[in-house]
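Okay, structure first, notes after.
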Amino acid sequence: MSTQAQRDSTAIKGWDCHTHLLGPYDRYPLAAERSYTPPEALVEDHSAMLARQGLSHAVLVHPSAYGENYSLLFDALASYAHLRGVIVARPGTTLDLTTLRERGVRALRYSHRSGAGGNFAGSASIDDLSQMARAVADAGLHVELWTDCQALPGIAPLLRSLPCPVVIDHMGSFDVAAGPNDPGFQQLVRLLGEGKAWVKLSAYRSLLKTDMEAGRPFHRALLAANPEQLVWGSDWPHIRIDPWPDTRKLFDTFLAWTDDASLARRILVDNATRLYA
């Protein structure tokens, strides 16, 4: 089936499960302590991006550069019924977690990155996750985790023990040079296959220094492991990437790699609705 035919067959209530809003900064200023200063990405630009993909719903992930200022995300959720949110919060937060679902929030996000830069300012850590997991579960929320396949084996026991679902962002930030048989990526495959993790299919950040086609084997391995716990996210507006990739081309790559309209629909519509609606 052609990519266009797949697009036409999946356009009803399809979800982009990883996006961000930024600005306008005169109304929604970034935190003074932050690790990056991205260009503005406004709600009208976000709506146009969704329309260009033929998708109707999206998940807004709170950028760490906003610190504990959630006003942009909460204002967007209050104004647009097609949006859901993921926030960053640490132990001691003044937020009442038990009220977040009614405000459109579905998850709290944590980071555990092995790279030299570590976690960004304004992010929540794996230790924060350990302390907050029960409260997150009791609030009817899930956990989203930005980690990488190098770090994943060391935290896999914790992830298996969580009392709530965990969604791993960016396909575990796999190492394309190590290949899909890399032990860290295979740990991701096992967690997914066991039903202990969901995975967001978004490969491009791991492929910036190579051809996009190098990501296809990783994508296919996750499809084979457990297609019931996969969702797709564009990562628009591609924070810290210059120039920004074409989001529609990323979406078309997802469709081409999935190569089955019913499976693409399951990921874009059924799975995402189950997790975020």
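Taken together, the values in this text are just the output of simple stated rules run on the coordinates, not laboratory data. The structure presented is a predicted model; accordingly, all values stated were derived computationally and were not measured. No Cβ is skipped: glycine too gets one built from the backbone with ideal geometry, and neighbour counts run over all protein chains shown.
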In nanometres, what is the gap between the two model label sites at residue 81 and residue 277, each 7 Å from Cα along Cα-to-Cβ? 1.4 nm
Of the cross-linked pairs 13/249; 13/196; 196/249, which ones have a Cα-Cα span greater than 24 Å in the structure shown? 13/196; 196/249
Can you list residues from other chains, or at least 5 along the same chain, whose modelled amide H is less than 5 Å from the amide H of residue 198? 166, 167, 168
Cα-based shape type of the stretch 25-115, given that a ≥ b ≥ c are square roots of the gyration tensor eigenvalues and the cut on a/c is 1.5: oblate
Normalising by the residue count of the chain, find the relative contact order in percent from Cα pairs under 8 Å and 6+ residues apart. 21 percent
Farthest toward the dipole's positive end in the stretch 3-276, which of 192, 118, 83, given Cβ charges of +1 (Lys, Arg) and -1 (Asp, Glu) about the Cα centre? 192
Order of 200, 13, 209, 249 - criterion: other Cβ atoms within 10 Å of each residue's Cβ, fewest first: 209, 249, 13, 200
GluC sites (Glu not before Pro) within the stretch 153-252, DSSP loop, no more than 16 other Cβ atoms inside 10 Å: 194
Suppose we keep just the DSSP beta bridges with both residues in the chain; what percent of those would be antiparallel, to 5? 5 percent
When the chain is modelled as a GNM with alpha-carbon springs shorter than 10 Å, which of 222, 208, 230 fluctuates the most? 208
One can check that the equivalent ellipsoid of the chain, built from the alpha-carbon gyration tensor with semi-axes equal to the square roots of five times its eigenvalues, has lengths in Å, largest first, of 25, 23, 19
Using Cβ counts within 10 Å as a stand-in for footprinting exposure, how do 149, 17 rank, fewest first? 149, 17
Residue with peak Gaussian network fluctuation, the chain [Cα springs, cutoff 10 Å], from 150, 229, 131: 131
Computed [θ] at 222 nm, deg cm²/dmol, the chain (DSSP H ≥ 4; -39,500 (n - 2.57); rounded to nearest 500): -9500 deg cm²/dmol
